[in-house]
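One structure is given below, encoded as structure tokens.
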């Protein structure tokens, strides 16, 4: 996703600006919601749906915030560096979560 954002920086710059469509961002992040919930439920069978939903919301909005900051600061870091940070942060939270 970060590579796509960088490659389409003009459009994404508008999307992540103060005048951007925040609802569209939410819809984009939640596209994979159900797939991720099902995956996590298979890995951790003893966690309830509400807990998974809360965890997904937490990680999704954190991801949006990191990407928004990256875009609005001129995307100086590489897409892979931003993606690695998001993955490491998500993994670190999930280790404590379970």
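The values are calculated or read from the model by the stated rules, or taken from the named source; none is laboratory data. This structure is a prediction, so every number in the text was calculated from the model and none was measured. Using ideal geometry, Cβ is built from the backbone for each residue, glycine included, and neighbour counts are taken over all protein chains shown.
Here's a check for you: in the range 66-82, which residue that is in a loop (DSSP other than H, G, I, E, B) and surrounded by 12 or more Cβ atoms within 10 Å (Cβ to Cβ) is modelled with the lowest pLDDT? Step through it out loud before you land on a result.
We begin by selecting, within the range 66-82, every residue in a loop (DSSP other than H, G, I, E, B); these are 73-78.
The next check asks that each one be surrounded by 12 or more Cβ atoms within 10 Å (Cβ to Cβ); those that pass are 75, 77-78.
Values: 75: 92, 77: 95, 78: 96.
Per the stated criteria, the residue is 75.
Go through 39, 3 for me and flag whichever is loosely packed, with under 15 Cβ neighbours inside 10 Å, out of contact with any strand residue (DSSP E or B) (no Cβ under 9 Å at 6 or more places or on another chain), in contact (Cβ under 8 Å) with a residue 40 or more places away in the chain and part of a helix (DSSP H, G or I). Can you show your working first?
Details: 39 fails: in contact (Cβ under 8 Å) with a residue 40 or more places away in the chain.
Within the list 39, 3, the selection yields 3.
Which number in (1) in contact with a helix residue (DSSP H, G or I) (Cβ under 9 Å, 6 or more places away or on another chain); (2) farther than 22 Å from residue 93 by Cα marks the one condition that residue 64 misses?
For residue 64, the exception is condition (2).
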